[in-house]
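Comments concern the structure below.
The values are calculated or read from the model by the stated rules, or taken from the named source; none is laboratory data. Small disclaimer: the values here were computed from a predicted structure and weren't measured. Every residue, glycine among them, receives a Cβ derived from its backbone with ideal geometry; neighbour counts consider all protein chains shown.
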């Protein structure tokens, strides 16, 4: 029995294996890779595959897609595990493939699961067979192949990146398994409530295999001979090795936790900030949602008291996109602690709010002629634009003149706060030169 030989109706095999998609239409959540119109799907349909690597987190469909290719291709299909295959295995498969191509004009596809575990010797042996198309390579890996495979091999393959499954995808997979009477649990009268689905999806972090394994364990470990089995959060909690956070990303948990997080930062309590950060991440909150809130908070509640806070928050948001979870928790914690410890000021928020109010209340907004666009050679003579403008650099860097519409002259929108860097800003504003000399 190889990777793709598990029988559909053999209920002794794990649910996750039984529920593997059988066609590309049954693949859930990887539309950018094998959805209708995608390049890989078209190549599979035409049976014109090239060597490729499927890279993504566990439980996202890499081996399942390989199994579907095995069923759809006219090529001979071989599969090996990188952890158990040696260089002699590769040479034998390649020798057979060469004979098959020579005498029967049949190509050979070699699927290598966990290809990142191939050492340099194995990769060097494989390379010439991929290079001369004796073998069409399909590799599956959870590790970044850019760091695990040599450049020569990388230059001869196409990389397809599979994304962690979203909650809606996991929900579809769970419900399908509960309804399917042939391969799933449809004959056992099992149901799961909505809160439990949300909790299960959050706990599995985009891993369909884990979700189905937990679901199967929940069914096998509970008697349901006398009626329907309803899986709820309390039942799931008993199965997990760590506490399951009751966190609803669409309800009160979501809004209350982010509120507590932001207010802890605003209140300069780094311990509470990292606690609520951990609550949200453990509950399955989208880390980019948290990152966006940090960027907003850095500008809204810290602002010019520490201008670097916005830079750090933006860098954390970029880091989340770059590395993903679970490593992303570290830059998020770093930014949360820094922002909580930073001096606070909402002067930028108050300034833009005052300016918005002034704009909305103004009956007419006219740019004063002396600061209007005078780039055209005839602008000053014909329209008066630019007439009377004083170039600050001619006056040592500052000259007093009006930059607001006439009816708003003298209006103050920005008032420097008394914390952090704004102390220096206030000094600079207070020490501005007197009106320019005539």
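Would you call residue 78 at pLDDT 90 or above, on the phi > 0 side of the Ramachandran plot and within 34 Å of the chain's Cα centre (by Cα)?
Numbers: at pLDDT 90 or above: yes; on the phi > 0 side of the Ramachandran plot: no; within 34 Å of the chain's Cα centre (by Cα): yes.
No, not satisfied.
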| Of (1) in contact (Cβ under 8 Å) with a residue 12 or more places away in the chain; (2) closer than 20 Å to residue 140 by Cβ, residue 119 satisfies all except one. Which? | (1)
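Can you tell me which residue among 111, 147 is touching a helix residue (DSSP H, G or I) at 6+ places or on another chain (Cβ under 9 Å) and free of Cβ contacts under 8 Å to residues at least 12 places away in the same chain?
Working: 111 fails: free of Cβ contacts under 8 Å to residues at least 12 places away in the same chain.
Answer to the selection: 147.
Residue-by-condition table, conditions (1) part of a helix (DSSP H, G or I); (2) crowded, with 20+ Cβ neighbours inside 10 Å; (3) without any contact (Cβ under 8 Å) to a residue 24 or more places away in the chain; (4) not assigned by TED's automatic domain parsing to the domain that holds residue 280:
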| residue | (1), (2), (3), (4) |
| --- | --- |
| 139 | no, yes, no, yes |
| 173 | yes, yes, no, yes |
| 176 | yes, no, no, yes |
| 183 | no, yes, no, yes |
| 187 | yes, no, yes, yes |
| 191 | no, no, no, yes |
| 196 | yes, yes, no, yes |
| 209 | yes, yes, no, yes |
| 219 | yes, no, no, yes |
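For segment 382-393, check the following and say yes or no: at least one residue is without any contact (Cβ under 8 Å) to a residue 12 or more places away in the chain, within 44 Å of the chain's Cα centre (by Cα), surrounded by 10 or more Cβ atoms within 10 Å (Cβ to Cβ) and not in a loop (DSSP other than H, G, I, E, B).
No, because not a single residue in segment 382-393 is without any contact (Cβ under 8 Å) to a residue 12 or more places away in the chain, within 44 Å of the chain's Cα centre (by Cα), surrounded by 10 or more Cβ atoms within 10 Å (Cβ to Cβ) and not in a loop (DSSP other than H, G, I, E, B).
Counting only residues that are surrounded by 14 or more Cβ atoms within 10 Å (Cβ to Cβ) and in contact with a helix residue (DSSP H, G or I) (Cβ under 7 Å, 6 or more places away or on another chain), which one in segment 402-414 is nearest to residue 306 (Cα to Cα)? Can you show your working first?
Restricting attention to segment 402-414, the residues satisfying the condition of being surrounded by 14 or more Cβ atoms within 10 Å (Cβ to Cβ) are 404-405, 408, 413-414.
If we keep only those that are in contact with a helix residue (DSSP H, G or I) (Cβ under 7 Å, 6 or more places away or on another chain) too, we end up with 408, 413-414.
Numbers: 408: 29, 413: 19, 414: 16 Å.
Ranking the qualifying residues of segment 402-414, first place goes to 414.
Looking only at residues that are part of a helix (DSSP H, G or I) and touching a helix residue (DSSP H, G or I) at 6+ places or on another chain (Cβ under 9 Å) in segment 48-82, which one is nearest to residue 104 (Cα to Cα)? It would help to see each step written out before you state the result.
If we filter segment 48-82 for residues that are part of a helix (DSSP H, G or I), which is where we start, we get 62-72.
Filter again for touching a helix residue (DSSP H, G or I) at 6+ places or on another chain (Cβ under 9 Å), leaving 64-65, 68-69, 72.
Numbers: 64: 28, 65: 26, 68: 23, 69: 20, 72: 19 Å.
Among residues in segment 48-82 that are part of a helix (DSSP H, G or I) and touching a helix residue (DSSP H, G or I) at 6+ places or on another chain (Cβ under 9 Å), the one nearest to residue 104 (Cα to Cα) is 72.
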| Somewhere in segment 33-47, is a residue within 12 Å of residue 136 (Cα to Cα), in contact with a helix residue (DSSP H, G or I) (Cβ under 8 Å, 6 or more places away or on another chain) and not in a loop (DSSP other than H, G, I, E, B)? | no
